[in-house]
Amino acid sequence: MSVTDRWWRVTVRDGKKVRTKRPEYGLGQRWEVRWRDADNRSRKKRFDLQDDALDFDAQQRLDPKKQAAKTSVTELHDLWLPTKRHLGTKTRTGYDTMWRVHIEPTLGGRTVTDLDLLELVAWHNRIESRDSARQALSVLRSMLDIAVTAGLLPANPAAAIKGGQTTKRKVDSLTPKQVAALAKAMRPHETEFWMLLTCGLRFGEMAGLSYEQVSDSDEDGWKILHVDRQVQKVRGELVWGLPKGDKERDVPLPDWLAKRLGKNGRLALPAPSGEAWTT
């Protein structure tokens, strides 16, 4: 079984992912799942969204009639993990940590159908860090959702446990005076601040910015910035990749801000160390 992007082909050149359009670009639904049915006939189904295709792919790997009584949590994890491969490296690394540290040692060998609410509550309460408990529960809950959709479970036993879901927080916007004061306080790195604020970049996108991403055209004091990369620190190493969700985009860039960017070298806004900024 496989999930194929019918619109884009991704190759690696000089350590960077490069996307090129396929002949089918823009024609029909983008994502295609191929598998063989019980009679060994080749089948395929197309989807608009990658998440839907990945979920369907995972479901086809599970035969409820044969697997419900013997599928382990580890086997479920191996089916669930590919549905998250479109996420950023840092996010996937966080999921992997939650699995290896908090889920696999206790629950990995258990059969999915044997899990019950009281057992999972006790497991969740034993995780000392509140943040880790929230993240681990989120991963387990997502895994068990696949089992429910595939018919292995009638309901998700982790759904009733409080936590694991992010809550919306009220955000108080800054006034123009507060923004100006904050930019002044950021000196000598106010350019990084204005880049994040003006262009709406994620931190990793700003950190990996190169002047090569800035268009040569200038219309009424604006240029175009092609956001096609980001850099993050994962387990002590700098990891380069496409933006979140592998989605490139163009954003307007004021000419006055473009003039502040360094034009030599790989990084337009390097940290004082000369390397990329990290959080």
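Mind listing whichever residues of the stretch 22-59 are loosely packed, with under 12 Cβ neighbours inside 10 Å, more than 22 Å from the chain's Cα centre (by Cα) and under 23 Å from Pro243 (Cβ atoms)?
Scanning the stretch 22-59 gives a single hit, Gly26.
For the list (1) of a type in the set (S, T, N, Q); (2) over 27 Å from the mean Cα position of the chain (by Cα); (3) open to solvent by less than 40 Å² (accessible area, probe 1.4 Å), I need the number of the one condition that Ser210 fails.
Condition not satisfied by Ser210: (2).
Determine whether Asp220 is open to solvent by 20 Å² or more (accessible area, probe 1.4 Å) and either hydroxyl-bearing (Ser, Thr, Tyr) or free of Cβ contacts under 8 Å to residues at least 60 places away in the same chain (or both).
Yes, satisfied.
In the list Leu182, Leu137, which residue meets the criterion of being without any contact (Cβ under 8 Å) to a residue 12 or more places away in the chain and not in a loop (DSSP other than H, G, I, E, B)?
After ruling out the rest, the residue left standing is Leu182.
Out of everything in the stretch 196-207 that is farther than 14 Å from Ala271 by Cα and either charged (D, E, K, R) or crowded, with 20+ Cβ neighbours inside 10 Å (or both), what residue ends up being farthest from the chain's Cα centre (by Cα)?
Ranking the candidates gives Leu201 first.
So Ala160 ticks every box in (1) aliphatic (A, V, I, L, M); (2) surrounded by fewer than 18 Cβ atoms within 10 Å (Cβ to Cβ); (3) under 27 Å from Thr278 (Cα atoms); (4) in contact with a helix residue (DSSP H, G or I) (Cβ under 8 Å, 6 or more places away or on another chain) but one. Which box is left unticked?
Unmet for Ala160, out of (1) aliphatic (A, V, I, L, M); (2) surrounded by fewer than 18 Cβ atoms within 10 Å (Cβ to Cβ); (3) under 27 Å from Thr278 (Cα atoms); (4) in contact with a helix residue (DSSP H, G or I) (Cβ under 8 Å, 6 or more places away or on another chain): (3).
The values are calculated or read from the model by the stated rules, or taken from the named source; none is laboratory data. None of the values given here were measured: they were computed from a predicted structure. Note that each Cβ is placed from the backbone with ideal geometry, even for glycine, and that neighbours are counted across all protein chains shown. In case anyone asks, the SASA skips ligands and DNA or RNA and just uses the protein heavy atoms, side chains included. Shrake-Rupley method; radii C 1.70, N 1.55, O 1.52, S 1.80 Å.
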